[in-house]
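Report on the structure given below.
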Amino acid sequence: MSFLESLLERFELYRPGWERGLFGLAMLGVLTVVHLLIQRARNFDRGCLGVPGLESEQMAFDCSAVVTSGAGSFLGLSNITWGLGFYLTVAVLTLAIFGLRPHLRRWVHAGRLGVLTGGTAYSVYLVYVQVEVLEALCALCLFSAALVGLLFAGQVLLLVRDFQLPETTMSTRLFKRDLTIYVYLAALAAVLVGADFAYFGSLDPAPNEQAAAQQRQFSGAACQLDAQKESVQDPSSLVSFQDVRKGASDASVTVVEYFDPNCPHCKTFHQTMSTLVSKYEDEVQFVYKPFPLQGASLPEIQALYVANQEGKFSEMLDAQYARQSRGGIGEQDLRAIASEIGMNPDVLMSRIEQDKYRQMIIKERKRAIQIGVDSTPTVLVNGHFVGSRSMECMEMFIERAQNGKLAANTSS
């Protein structure tokens, strides 16, 4: 028997255990892609995996930078859409191999091999882009790539390994048993997908949805505090000795801003904050508290703390906002900024690489989440969450706080 004849004969065979395994991996891939879709919609507010309590571990990944990069789409469609289509295609082809006659099964086998080969090649390319180009990793993307690799390896083993060839005719008993298994696997995947959507749908709105709601509120006439969030009973507990502070440290009013240097809304509000500091620096204490939304923001935030030690926090923050990039700015930009504002670039990068502030940043982020911070910018005046951040509203909040009249029903 020639190699081609042997290969064609292998294409006609149905191996129950292997095919069920490949179908299960395809369903696991569907779950992974759907979970990634949900986290992207929430702007990865709970980290790459969407699991609270793992802030330190998840900071090693930057799913937002990867998914929103230029490599995050192909031919105008998101890689998430492609991934979902890929896994569903593999699942459907596997079912076809199970149900078709041998002379038709060979073509479906060949088609699945082609799909898996293309998917594996593209996955390898995406991993290369994450490691070498973006220098940012997406945990769910890497897990998906591993699943694609396992599917491809399984398909190759079906073709090259010497199996004892089973009968090509499927018995009624085998057909019913395997059909039941496929139905159960598909049903389990559907239940888990539904549970994933239900769980995250029951949580607070995603940051981008909250930002839109805040923008709608901002565009209205009323100046309101955020009545949906409880105020912090002891506002002084928000301020630590390591925080960046401006203005009067003994003032009766404290304004706290949680921000991310890569957040566009923070960049917009920064102008308002700077004006407020200039106007009320003798009457109000202003506290800047970084709240990283993605791992790429960590080096920039550490650079802010290093700059603050040299009295150049404002200069560093202004320069970072000027170079703002959704995926974060790199070492080259940080070095250029250091030179521009009179800092030693080598000293700056050395201190960043030492991760001196990393644990403190993560601890502060966890504390912020506990009090209700879930997006940026988030502003508090004497412990009250601000809903309207216009200059006029901020001035009114400050003045009412000075008079002891700040309350959750504040309006213009």
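The values are calculated or read from the model by the stated rules, or taken from the named source; none is laboratory data. This one's a predicted model, so the numbers in the text were calculated from it and none came from an experiment. Neighbour counts are summed over all protein chains in view; Cβ atoms, including those assigned to glycine, are modelled from backbone coordinates with ideal geometry. Quick note on the areas: whole protein, heavy atoms, side chains included, nothing else; ligands and nucleic acids left out. Shrake-Rupley method; radii C 1.70, N 1.55, O 1.52, S 1.80 Å.
Per-structure values
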{"quantity": "Only one of THR272, THR268 that is without any contact (Cβ under 8 Å) to a residue 24 or more places away in the chain and closer than 21 Å to LYS246 by Cα", "calculated": "THR268"}
{"quantity": "Test: residue in region 354-371 that is of a type in the set (Gly, Ala, Ser) and open to solvent by less than 10 Å² (accessible area, probe 1.4 Å)", "calculated": "yes"}
{"quantity": "Contacts under 8 angstrom Cβ, first residue in region 328-348 being under 17 Å from GLN309 (Cβ atoms), partner open to solvent by 30 Å² or more (accessible area, probe 1.4 Å) and part of a loop (DSSP other than H, G, I, E, B), 6 or more apart", "calculated": "ILE337/ARG323; ALA338/ASN344; ILE341/LYS312; GLY342/LYS312; MET343/GLU310; MET343/LYS312"}
{"quantity": "Unique match (being polar (S, T, N, Q), over 30 Å from GLY111 (Cβ atoms), open to solvent by less than 80 Å² (accessible area, probe 1.4 Å) and at pLDDT below 90) among GLN214, GLN228, GLN233", "calculated": "GLN214"}
{"quantity": "Contacts under 7 angstrom Cβ, first residue in region 32-48 being under 19 Å from ILE369 (Cβ atoms) and without any contact (Cβ under 8 Å) to a residue 40 or more places away in the chain, partner assigned to a helix (DSSP H, G or I) and open to solvent by 20 Å² or more (accessible area, probe 1.4 Å), 6 or more apart", "calculated": "GLY47/GLU55"}
{"quantity": "Matching residues in region 291-337 - criterion: being of a type outside the set (Gly, Ala, Ser), open to solvent by 10 Å² or more (accessible area, probe 1.4 Å) and not in a helix (DSSP H, G or I)", "calculated": "LEU293, GLN294, GLU310, LYS312, ARG323, GLN324, ARG326, ILE329"}
{"quantity": "Whichever residue in region 71-128 is of a type in the set (Phe, Trp, Tyr) and more than 33 Å from the chain's Cα centre (by Cα) and, among such residues, is farthest from ARG177 (Cα to Cα)", "calculated": "TRP107"}
{"quantity": "Residue that is in a loop (DSSP other than H, G, I, E, B) and among the hydrophobic types (A, V, I, L, M, F, W, C), where the choices are ALA368, ALA407", "calculated": "ALA407"}
{"quantity": "Residue within region 174-195 that is farther than 30 Å from GLY50 by Cα, among the β-branched types (Val, Ile, Thr) and at pLDDT below 90 present", "calculated": "no"}
{"quantity": "Per-region count, region 275-299, residues free of Cβ contacts under 8 Å to residues at least 40 places away in the same chain and closer than 19 Å to ALA368 by Cα", "calculated": "1"}
